[in-house]
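Some notes on the structure that comes next.
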Amino acid sequence: MDSTDLEPHARGPAAALARMPTGAKVFLILVGALLPLALIALFTTIRTTQSADTEARARLHAIADESSGIVENALSNQVSQMSRTLAALEQDPQDAPSCTQLAGSFAAQGNVRFAIADQRGRIVCGQRFSLPAAPALRPSEVRASFLDDGLAIRIGGALGMNATAWYPVSALSALARPSGFVPDYGAALVRDGERLVLRDLDASGPLGRRETARSDLSLDDLALEMSVPGAPITSPLIIATVLLVLMWIAAAAIGWFVVDRLLIRPLRRLRTSVGKYQPGEVLDMKRFGAMPAQEIRELGDTFQQITRTVQIHEADLAEGLVRQTRLTREVHHRVKNNLQVISSLINFHARGAKSAEASEAYASIQRRVDALAVVHRHHYAELEENRGLELRSVLGELAANIRATAPERAAGLGITLEIEPLLVNQDVAIAVAFLITELVELAVSCNPTTQVRISVKGGEDEDRATLRVNAPALVGSAELEALLESRYGRVIAGLARQLRTRLHHDPLVGAYEASIAITGRP
């Protein structure tokens, strides 16, 4: 169905789809049909990546649990030892065994340092090292702080003493390192937005991803954050995904191309040729070129057979039209000859009439026969074009015939015509010719030398015109009324009924007026 067959106000997806070309519809249908296959392949790829992410996430949690446990145990044990040693030194500043035991514990950590200071800041155990100034601590309060190169843990004593331990990044990194063979990882201590990086995870490019896990250390809100690379979005994965999309589009495009070449283009060529078909021609299938589809070839053969049949019927119709035209001309000539014979017989008898009344009666009859002959002649002249009879030429010839056949006593009769170029059918022309003949003869009967004015003018309606016959002899009088009552009234009324109109008589000005049907203008 062509898009022009749709209603102009159709709306909605269905109407929009119906207005689309068939090729676009086929492409959209194939895209929709192949979309599930593309989605399945894409889902498989995504699931593979998610499985790799799940494995990486499981390894990360195992590493994070192991590392956070080691770091938490080490820090918690040393904080506990510093707290006990701090309490012992507050009781006895000379308690060397407690200090020695604490120093032995820290000595195993390599470059980790500690110091216990009294109220005046003198070191009573451990070694002096410089740290930024920090606010005073409450008794037994443990506070951790991040420095540029490590972690400092401070413990407040009950008598104003304090203990401090400093863990460099290298020591913390060694504590957080998981055992065994592990992939590349990153580690950091975090607390309240602060971050101390223990090990950097190398950047893996703009498409690199990483998995992160955080474990609390139960020490002043400290947490250990571990991260490992996620399943990377590699070039092969990108290429595979792009290939899936391209294969999806290519499959739809190939399907559309095949349908377009096998069906749509041949049908379009066939439709164009059928649209240009003229009656009498025979479609030549060779000019369509190769038709790859058997069904379209059969459809073309069917159209070709139809055009052959139409050509035969056109030839039969043309021959029948020629015969009909000849028959019509023969009928016309016979009718015209018959009318001429009748007119000649009337003229012959009129010349042999023994009284003026008889001659006038024959003349009256001949005028009516002449009116019919005039209409018939003009009707046949217009029959070839079937446009209608040109009223001005018909009434002009009719008026000439009336003046030519007028009796001797009506030698002063004058007929004036004001006829617009209008077309009427044969029935109207005959009725108008007879009506004008009757009205002119009525006027001549009242006054043989009267002047008659005949006008036909178009009105407001395109299919109507006004016929008006005006003569002084048609002014209301007793003689006019008598003639209408005895002879002319019934004929005029019958002709008005034949015209399907009302005939108006204005007795003051002597005019008859009627509305007649027209078929147009020349």
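Throughout, read-outs are computed from the coordinates displayed, never taken from laboratory work. This is a predicted model, so every value here is computed, not measured. Positions of Cβ are generated from backbone atoms using ideal geometry, with glycine treated the same way; all protein chains shown enter the neighbour counts.
Couple of notes before you dig in:
- Working note: Karplus 6.51/-1.76/1.60 with θ = phi - 60° gives segment 304-317 the couplings 4, 5, 5, 5, 5, 5, 5, 4, 5, 5, 4, 4, 5, 5 Hz, where Gly and Pro are set to x.
- With the Kirkwood sum run over all distinct C-alpha pairs, segment 21-154 has a hydrodynamic radius of 20.3 Å.
- Applying 0.36 nm per residue to the separation of residue 40 and residue 77 and subtracting their alpha-carbon distance, the gain on full extension is 7.9 nm.
- Binned Cα-Cα distances of segment 472-522, short to long, each 10 Å bin given as a whole percent: 23, 46, 23, 7, 1
- Each peptide among 146-153, 320-327 gets the average number of other Cβ atoms lying within 10 Å of its residues, and from highest to lowest they stand as 146-153, 320-327.
- 5 angstrom amide H check on residue 510, placed H, neighbours 5+ away: 476
- Descending Cα extents along the principal axes, segment 364-512, whole Å: 47, 34, 25
- For segment 104-148, the convex hull drawn through the C-alpha positions has a volume of 116 cubic angstrom per residue.
- For residue 518, residues with placed amide H under 5 Å, excluding near neighbours: 464, 465
- Listed values for segment 140-155 are Karplus-derived 3J(HN,Hα) couplings in whole Hz (6.51 cos²θ - 1.76 cosθ + 1.60, θ = phi - 60°), namely 6, 7, 10, 9, 10, 9, 8, 10, 5, 10, x, 10, 10, 10, 10, 10, and x replaces Gly and Pro.
- Proximity of backbone amide H atoms, modeled 1.01 Å from N, is registered between residue 211 and 228, 230 at under 5 Å, excluding neighbours fewer than 5 places apart on the same chain.
- From phi via Karplus (6.51, -1.76, 1.60), per-residue ³J(HN,Hα) for segment 59-73 in Hz, x at Gly/Pro: 4, 5, 5, 5, 5, 5, 5, 5, 5, 5, x, 5, 5, 5, 5
- If the segment from residue 55 to residue 466 were pulled out straight at 0.36 nm per residue, it would be longer than the present Cα-Cα gap by 137.6 nm.
- Length released on extending from residue 417 to residue 347, taking residue separation times 0.36 nm less the Cα-Cα span: 22.5 nm
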